[in-house]
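Nothing in this text is a laboratory measurement; each read-out follows from the coordinates by a stated rule. Just so we're clear, the structure is a prediction, and the values are computed from it rather than from any experiment. Every residue, glycine among them, receives a Cβ derived from its backbone with ideal geometry; neighbour counts consider all protein chains shown.
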Amino acid sequence: MMRRIRAWGPGLVLILPSLIALAVFVYGFLGWNIRVSLSSWRGLAPAHDFVGLRNYIALFSDQRFTEFDVPNIAIFTLVFVAGSLAIGFVMALLLDRGVTGENAFRSVYLFPMAISFIATAIIWRWLMDNGSGESETGINKLLAGAGLGALHSDWFKSGSRWAIAAIALPAGWSLSGYVMSLFLAGMRGVPEELREAARVDGASEPRVFWHVVRPMLLPVMMSAVVILTHISLKTFDLFYAMDQKNIKIDTPALYMWFTTFDGGFYARGAAIATLLLLGVATVIVPYIWYSVRVERRR
Amino acid sequence: MLLGELGPDKYTGLWTGKTDWKSAEVTAALDTFNKVLAASDIKSSAADWQPAADRVIDGAAVYTVMGDWLDGYLGRAKKLTFKTDYDVAASPGSSGVYDFLSDSFTLPIGAKHRAAAEKWLTECGSVQGQDLFNPQKGSIPARTDADKAKYQNYLATALKDWQDPATKIVGSLTHGVVANNAFGSEIDTALGIFVQKRDPAAFGAAIAKAYADTK
Amino acid sequence: MTRREGRIRAPSAPYVATARYLALFAFACFFLMPVYALLVTALKSPAEVSVVRMWQWPHELSLDNFGIVWPKLREGFANSVMMALPASVISSLLGAANGFVLSKWRFPGADFAFSLILFGMFIPYQAVLIPMFQVMSYTHLRGGLLGLILVHVIYGLPITTLIFRSYFTGISEELIEAAKVDGAGMLRTFIHVALPIAPPAFAVSMIWQFTSAWNDFLFGVLLTNKDRWPITVALNNIAGSQAVPFNEAMASALLACLPTLAVYVLLGRFFMRGLMAGALKG
């Protein structure tokens, strides 16, 4: 026994500082946040009392949370994830079979990922300006120039329930290149022999894709959905820099920030954050479990 | 809007609990606010004041309800002349009332450079400091012995109103004079929802609840 | 990513190829459109700039806009450099050690520990903000760059650990065994055998960490005072409102992106690998 410990002990010691740091900063903090959400802390001085689920119950009758934030984030997630998946997939499909200048195209599709959400929002808030007539500009002006003036939109300033969907445009601009590279890697991971075998059997290219390649892309698609969904739920800066305090694009992440650090409603902020954590955990935990298990089987 | 419809005393009562947010008068005042909103291009409670002022300059809008600092923007940034290019009027129902806010600096306990901070505060509070800062921003001095010649055009009228003993003074909500941070942020939320839903009664009820919760 | 060499392309009709290129160009235009508006606006003289003419080519090129915004951004830029460099170096070194142990010097429960570490990468940071705010205030680490660096190092550990673990999993067991036979301990094996072959993983990890630290806003705005604001916070404060002149907003956004864009252009290969790692696909 001692000899075995001597064999792996030093390794454990080497990573112990990291493990402790993460234990405190991830699990300790998450736990403490849940504890705060069960207190009545409001204002500058922390309260350490225990009020049960009162903050959560209050959230369920909080108009901002139930009628704006939750539907908003649902709409945003739906449009952003579906849109990025579709665009990323099509781009990967176009590139898959090899085209001249592939590297150039790939670089162009991916570079927005290197740009911060703050800068992205600053650029796009001007592109999605809702001026009309003489003050028309941005995308609306491009559309009008292309004879598509009918598509003129007020974007995120629109009065519609779907105003927040406009933010999926800069978010998708930022991340669909990422989805493309995931799909591209997946498509190229399919052994050529498999495709060749199908072709020999007389399958047409679309059929080869449908019967050979598509089933193998399922895990890739799952990765993409999980990653995009968790980004969507926790994104803060993109909305914040786009049009802060516009309730049409308010999300739980923003409500948490403003109510906690502007209003001093710490307990309520902690409750919103805990719900966000639950939302993210329901997609992430199975994903990590699955990934590590698949890897072990290999 | 509330100030103009309710008058200064009841307006002040909104922040001290003496005026009921759910009362018929307040609901009626909010209803009027609703009608004003319907005639404006405001789609969000977070709309900024400069684009709104720009629309007045362009002639696309007739007026904008704003504070003293708009004078600084129009006169200095946009180089317009008071009386010939633009003019001011009291917001309906608010003649003889001054809705005030003040910029202030604090001296924190345990400040690292206390002496320097005190020097800065003394400078800000001096006649000279006040007269240097205020005309630039478009605001009026907190001191009564300031040099009135430095405050021309619109600022002269503002200063006159401010120093007139008959003027009633009330505090501005947006700038944190009458509501603490907690109440203020709850009002922000309620206002945001109101601009979307346009329901005066629900708005009043939400604020009444927020007031009780954050007292 | 595996690239197949000399693979057989099924011949396709010329119109298919043309359509393919047209589609690829259309997508490229979509991604480049904001950059075009950004560049032409930033390079116009301030007098020529107008929001309604954002798509027009400049009459004459001018760098005046940068002269206007650079003094406002300089401090934030310097702060971000001083924060992102140490954050990415320290996080990568720790990640290398973790990755090595979790792949080549495993202890019982190593996989479980790895899963727990990984989860840290995906948490919504909102759920740690309040405790972080309290702890950092209590330890007087809030306000300056030190606290921000610490936080970026710690929350960077999951991804750096993942990158190095994947990398070391790929190297042959014999190398490690040979070192063990020579009587080398864990630390010597790590330093003399593993680290010398790890530069590619360092490139991936440092680039990834540098980019995320540079682009972070949430931690920066929570943990720093005005004189220590990182570039994103400074940028949002000088350009994050429609009341800022359009030319200044565009010029400052461009300046704020330059370092990460430069890294992307020069070292895009490693950036791509970081992406794949981020999806748990070493």
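Just want the answer: with Cβ charges of +1 for Lys and Arg and -1 for Asp and Glu, which residue in A:Gly52, B:Leu6, A:Gly28 is farthest toward the dipole's positive end in the protein assembly as shown? The Cα lying farthest towards the positive end belongs to A:Gly28.
Per residue of A:213-222, other chain Cβ atoms within 10 Å of the residue Cβ number 0 on average. Report summary: the helix-based calculation at 222 nm, which adds -39500 (n - 2.57) for every DSSP H run with n ≥ 4 and divides by the residues of chain C, gives -23500 deg cm²/dmol.
Is the shape of chain C rounded, prolate or oblate, going by the alpha carbon gyration tensor and its root eigenvalues a ≥ b ≥ c, with a/c under 1.5 for rounded and a/b larger than b/c for prolate? Note, shape of chain C comes out oblate.
With Cα atoms defining each centre, the range A:1-51 and the range C:28-65 are spaced 50 Å apart in the structure. What translational diffusion coefficient, to the nearest whole µm²/s, does chain B have by Stokes-Einstein, given a Kirkwood radius computed over alpha-carbon pairs, a temperature of 20 °C and 1.002 mPa s viscosity? Reported coefficient: 111 µm²/s.
Shown for chain B are the DSSP H helices of 20 Å or more along their axis, judged by Cα atoms, with a mean Kyte-Doolittle hydropathy of at least -0.5: B:24-39, B:181-197, B:200-214.
Would you mind giving the mean number of other chain beta-carbons within 10 Å of the Cβ of each residue in C:89-97, as a whole number?
Rounded to a whole number, the mean comes out at 1.
May I ask for the distance between the Cα centers of the range A:178-250 and the range B:71-95, given as a whole number of Å? With the range A:178-250 and the range B:71-95 each reduced to a Cα centre, they are spaced 56 Å. The modelled label-to-label distance for the pair B:Asn181/C:Tyr36, using points 7 Å beyond Cα in the direction of Cβ, is 4.6 nm. In debye, nearest 20: dipole of the protein assembly as shown around its Cα centre with unit charges on the Cβ of K, R (+) and D, E (-)? Here the protein assembly as shown has a charge dipole of around 2560 debye.
Rounded, prolate or oblate: which fits the range A:31-78 when a ≥ b ≥ c are the square roots of the eigenvalues of the alpha-carbon gyration tensor, with rounded for a/c under 1.5 and prolate only if a/b beats b/c?
Prolate, since a/c reaches 1.5 and a/b exceeds b/c.
Of the residues C:Phe202, C:Thr169, C:Val153, the one whose Cα sits farthest towards the positive end of the charge dipole of chain C is C:Thr169 (charges of +1 on Lys and Arg Cβ, -1 on Asp and Glu Cβ, taken about the Cα centre). Calculated mean residue ellipticity at 222 nm for chain B: -15500 deg cm²/dmol, from DSSP H runs with n ≥ 4 weighted as -39500 (n - 2.57), summed, divided by the residue count and rounded to 500. Compute the distance from the alpha-carbon center of the range C:245-273 to that of the range C:164-189, in whole Å. A separation of 38 Å, based on Cα centres.
Each label was represented as a point 7 Å from its Cα along the Cα-to-Cβ direction; for B:Ala142 and B:Lys119 these points are 2.1 nm apart. Assuming R0 = 60 Å, can you tell me the calculated FRET efficiency for the pair B:Asp20 and C:Arg269, based on Cβ-Cβ distance, to the nearest 0.05? FRET efficiency, B:Asp20 to C:Arg269: 0.35.
For the range A:40-107, chymotrypsin sites (Phe, Trp or Tyr not before Pro) are listed when DSSP marks them as loop and at most 12 other Cβ atoms sit within 10 Å of their Cβ; the list is A:Phe50. Peptides A:248-255, A:265-272, A:279-286 ranked from most to least packed by the mean count of surrounding Cβ atoms within 10 Å: A:265-272, A:248-255, A:279-286.
Each residue, A:His48 and C:Leu175, gets one label point 7 Å from its Cα in the Cβ direction; the gap between the two is 5.1 nm. Straight-line reach from B:Lys22: taking Cα to Cα under 21 Å and skipping same-chain neighbours fewer than 8 places apart, the lysines in range are B:Lys10, B:Lys35, B:Lys197, B:Lys209, B:Lys215. Taking Cα centre as origin and charging only the Cβ of basic (Lys, Arg, +1) and acidic (Asp, Glu, -1) residues, the dipole magnitude of chain C rounds to 520 debye.
Placing +1 at every Lys and Arg Cβ and -1 at every Asp and Glu Cβ, with all other atoms neutral, what dipole size does the range B:75-215 have around its Cα centre, in debye to the nearest 20?
I would put it at about 240 debye.
Exposed loop positions in chain C were taken to be trypsin sites (Lys or Arg not before Pro) whose DSSP state is not H, G, I, E or B and which have at most 14 other beta-carbon atoms within 10 angstrom. Between these positions, the longest stretch is C:10-282. Shown for the range C:14-53 is the translational diffusion coefficient from the Stokes-Einstein equation, using the Kirkwood radius over Cα pairs, a temperature of 20 °C and a viscosity of 1.002 mPa s: 177 µm²/s. Which FRET efficiency value, to the nearest 0.05, is calculated for B:Arg198 and C:Asp227 with the Förster distance at 30 angstrom and r the Cβ-Cβ distance? The formula returns an efficiency of 0.10 here.
Sorting the segments B:154-167, B:197-210 by their residues' average number of neighbouring beta-carbon atoms within 10 angstrom, most packed first, yields B:197-210, B:154-167.
Loop only by DSSP, 16 or fewer other Cβ within 10 Å of the Cβ. Give me the trypsin sites (Lys or Arg not before Pro) in the range A:41-109 that pass, ordered by residue number. Those satisfying the criteria are A:Arg97. For the range C:158-282, just say rounded, prolate or oblate: build the C-alpha gyration tensor, square-root its eigenvalues into a ≥ b ≥ c, call rounded for a/c under 1.5, and beyond that prolate if a/b exceeds b/c, oblate if not. Prolate shape, in that a/c is at least 1.5 and a/b is the bigger ratio. Within a straight-line Cα-Cα reach of under 18 Å, B:Lys168 can be paired with the following aspartates and glutamates, leaving aside sequence neighbours fewer than 8 residues apart in one chain: B:Glu5, B:Asp9, B:Asp68, B:Asp99. Based on DSSP H segments of at least four residues, each scored -39500 (n - 2.57), chain A has a per-residue ellipticity at 222 nm of -20000 deg cm²/dmol. Eigenvalues of the alpha-carbon gyration tensor of the protein assembly as shown, scaled by 5 and square-rooted, set the equivalent ellipsoid semi-axes at 51, 33, 26 angstrom, largest first.
Once the C-beta distance of B:Ala90 and B:Trp69 is scaled by a Förster radius of 22 Å, the resulting FRET efficiency is 0.85 to the nearest 0.05.
Enumerate lysine pairs in chain C that are 8 or more residues apart or on different chains, then count those whose Cα atoms are under 22 Å apart.
Here the count comes out as 4.
With Cα atoms as the point set, the range A:140-274 shows a radius of gyration and Dmax of 21.7, 69 Å. Computed packing ranks the peptides B:3-12, C:210-219, B:82-91, A:221-230 as C:210-219, A:221-230, B:3-12, B:82-91, most packed first, by mean other Cβ atoms within 10 Å. Listed by chain and number, the aspartates and glutamates whose alpha-carbon sits under 20 Å from that of B:Lys112, ignoring those within fewer than 8 places in the same chain, are B:Glu123, C:Asp227.
Summarise the partner chain shielding of A:253-263 as one whole number: the mean count of Cβ atoms from other chains within 10 Å of each residue's Cβ.
5
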